[in-house]
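Engineer: Just dropping this structure here.
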Amino acid sequence: MHNLIDAPTGPGKGADLDAVIGNLGFVQLDSVNTVARAHDMILWSRRQQYRPPALARLHDRDRRLFEHWTHDASTIPIESFPYWRRRFDHNKERLKARWEDWQGTDFHARIDEVLAHIDAEGACKSGDLAEGDGTSSGGWWDWHPSKAALEYLWHTGEISVARREGFQKVYDLTDRVIPESQRQQSVSPEETIDWACRTAIERLGFATSGEVAAFYALVTPAEAREWCAAELRAGRLIEVDVEGVDGKPRRSFARPDFLSETAPDPSSRVRILSPFDPALRDRGRAERLFGFSYRIEIFVPAPKRVFGYYVFPVMEGDRMIGRIDAKADRAAGILDVTAFWPEQGVPMGKGRIARLTAEVERLATFAGLGGIRYASGWLRT
């Protein structure tokens, strides 16, 4: 369901990469770059020939993708764009009043000015509009009024991300970024609900109505419940009890042919995953199905961290086997591996260690690093 069963072969660019992202539904974007950015690692885990310029080409040149919000900032297949209009309309109603609580009304006056500036001058970054607005640290609570206006226009669909420069968003008018065929396509709220729930089930395989709603965060839990109930009555869904690692069944929904499908044997390949990998994004679901409890510790004070600032989950076949703390020393061209913690009940024999270190070598190559430095006692048992 998350493209992790098969070996990670394929060119990882062009139509192949487009298909991978389409199968996933979206790929979360994140700026943290201890080894590689989250979106790049998500794609590399499925196509190890993938390199980041291929994603930029799909978005910036080919316009096969657009950037917007699911549960977080994501890159999304362009065919999905018409269904985001519901989010744009919703944001128009709620963001002005909400942002007034922390911005005041100054950014309202900037909205038309920002649109006029982009129309006349072309694509821009938020820093291009900051003059006269005062200083800003760039944090969420310290945006300058033009930055707030720019983000408002993006969240409401008036402007779109044309490209990124140094991971900073470069915005342009939506009419100049999104292909006309997608801009002109009109879908009703009912069609949006059906599309969002249907494609979520297709990608999850089985899910509760809450998991269906959370997949894109385009529909409410109540709408997802109603959709699942209607599909169940129509015979297009069945109810299944999915047993978690604790042995407790959880009532879920699936397509009628789900129980007759035979999953291929998983590759024995060890994979180092992004903390934001689609297989683990829903932490509760991942813990229930894999017995793998994972929490980001970026904002946890260093002395209180259980594992590390930004540790990577490690999968072998269809099993989570541990987590690894690794960081790029770019000045030295070295990947520093501080520790690997195996999951309880996962023995670290010679074969598994060899598969793990082979994946560490592949990760270093992907990150453009020439060597690996293992800390003393890095393999925790």
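The values are calculated or read from the model by the stated rules, or taken from the named source; none is laboratory data. Remember, predicted model here, so these are calculated numbers, not experimental data. Counting neighbours? That spans all protein chains shown, and the Cβs are built from the backbone with ideal geometry, glycine included. We work out accessible area using only protein heavy atoms, side chains counted, and drop any ligands, DNA or RNA first. Shrake-Rupley method; radii C 1.70, N 1.55, O 1.52, S 1.80 Å.
Engineer: Of the residues GLY345, GLY317, GLY349, which single one is of a type in the set (Gly, Ala, Ser) and closer than 20 Å to LEU4 by Cα?
Structural biologist: That would be GLY317, the only listed residue that is of a type in the set (Gly, Ala, Ser) and closer than 20 Å to LEU4 by Cα.
Engineer: Within region 183-197, restricting attention to residues that are part of a helix (DSSP H, G or I) and more than 19 Å from ARG281 (Cα to Cα), which residue is least open to solvent (accessible area, probe 1.4 Å)?
Structural biologist: THR192
Condition check ((1) under 21 Å from GLY205 (Cβ atoms); (2) of a type outside the set (Asp, Glu); (3) in a helix (DSSP H, G or I); (4) in contact with a Cys (Cβ under 7 Å, 6 or more places away or on another chain)) across all residues:
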{"site": "LEU232", "(1), (2), (3), (4)": "yes, yes, yes, no"}
{"site": "GLU287", "(1), (2), (3), (4)": "yes, no, yes, no"}
{"site": "VAL300", "(1), (2), (3), (4)": "no, yes, no, no"}
{"site": "GLY308", "(1), (2), (3), (4)": "no, yes, no, no"}
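Engineer: Test THR174 against the criterion of being within 30 Å of VAL32 (Cβ to Cβ) and touching a strand residue (DSSP E or B) at 6+ places or on another chain (Cβ under 6 Å), and give yes or no.
Structural biologist: So THR174 passes the test.
Engineer: What pairs can you find where one residue is in region 12-24 and without any contact (Cβ under 8 Å) to a residue 60 or more places away in the chain and assigned to a loop (DSSP other than H, G, I, E, B), the other is open to solvent by 30 Å² or more (accessible area, probe 1.4 Å) and not aromatic (Phe, Trp, Tyr), and their Cβ atoms are less than 6 Å apart, with a gap of 6+ or different chains?
Structural biologist: From residues that are without any contact (Cβ under 8 Å) to a residue 60 or more places away in the chain and assigned to a loop (DSSP other than H, G, I, E, B), the pairs are GLY12/ARG47; GLY12/GLN49.
Engineer: So, one more: Do you know which of the residues in region 17-32 that are in contact with a Phe, Trp or Tyr (Cβ under 9 Å, 6 or more places away or on another chain) and farther than 18 Å from LEU204 by Cβ is surrounded by the fewest Cβ atoms within 10 Å (Cβ to Cβ)?
Structural biologist: SER31
Engineer: What is the residue count in region 179-216 for residues that are under 17 Å from ILE78 (Cα atoms) and in contact with a strand residue (DSSP E or B) (Cβ under 6 Å, 6 or more places away or on another chain)?
Structural biologist: Qualifying residue count for the region: 0.
Engineer: Looking only at residues in region 211-238 that are of a type in the set (A, V, I, L, M, F, W, C) and surrounded by fewer than 20 Cβ atoms within 10 Å (Cβ to Cβ), which one is farthest from ALA286 (Cα to Cα)?
Structural biologist: ALA234
Engineer: Of everything in region 347-381 that's free of Cβ contacts under 8 Å to residues at least 60 places away in the same chain and either touching a Lys or Arg at 6+ places or on another chain (Cβ under 8 Å) or among the hydroxyl-bearing types (Ser, Thr, Tyr) (or both), which residue is most open to solvent (accessible area, probe 1.4 Å)?
Structural biologist: So, considering only residues that are free of Cβ contacts under 8 Å to residues at least 60 places away in the same chain and either touching a Lys or Arg at 6+ places or on another chain (Cβ under 8 Å) or among the hydroxyl-bearing types (Ser, Thr, Tyr) (or both), the one most open to solvent (accessible area, probe 1.4 Å) is THR381.
Results for (1) over 23 Å from the mean Cα position of the chain (by Cα); (2) hydroxyl-bearing (Ser, Thr, Tyr), shown as yes or no for each residue.
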site: LEU173; (1), (2): yes, no
site: GLN185; (1), (2): yes, no
site: SER188; (1), (2): yes, yes
site: GLU191; (1), (2): yes, no
site: ALA196; (1), (2): no, no
site: LEU259; (1), (2): yes, no
site: THR262; (1), (2): yes, yes
site: SER268; (1), (2): yes, yes
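Engineer: Another question, if that's okay. When the residues of region 252-268 are narrowed to those that are surrounded by 10 or more Cβ atoms within 10 Å (Cβ to Cβ) and modelled with pLDDT of 90 or more, which ends up farthest from THR208 (Cα to Cα)?
Structural biologist: Within region 252-268, the match that is farthest from THR208 (Cα to Cα) is PRO256.
Engineer: If a residue must be touching a helix residue (DSSP H, G or I) at 6+ places or on another chain (Cβ under 7 Å), assigned to a loop (DSSP other than H, G, I, E, B) and either open to solvent by 20 Å² or more (accessible area, probe 1.4 Å) or of a type in the set (Val, Ile, Thr) (or both), how many such residues does region 33-53 contain?
Structural biologist: 3
Engineer: Cβ contacts < 7 Å: first residue farther than 18 Å from GLU287 by Cα and assigned to a strand (DSSP E or B), restricted to region 251-276; second residue open to solvent by less than 80 Å² (accessible area, probe 1.4 Å) and of a type in the set (Phe, Trp, Tyr), any location; separation 6+ or different chain. Result?
Structural biologist: PHE253/PHE206; ALA254/PHE206
Engineer: Shifting gears a bit: Checking TYR50 against (1) at pLDDT below 95; (2) within 20 Å of the chain's Cα centre (by Cα): exactly one of these is not met. Which one?
Structural biologist: Evaluating TYR50 over (1) at pLDDT below 95; (2) within 20 Å of the chain's Cα centre (by Cα) leaves (1) as the failure.
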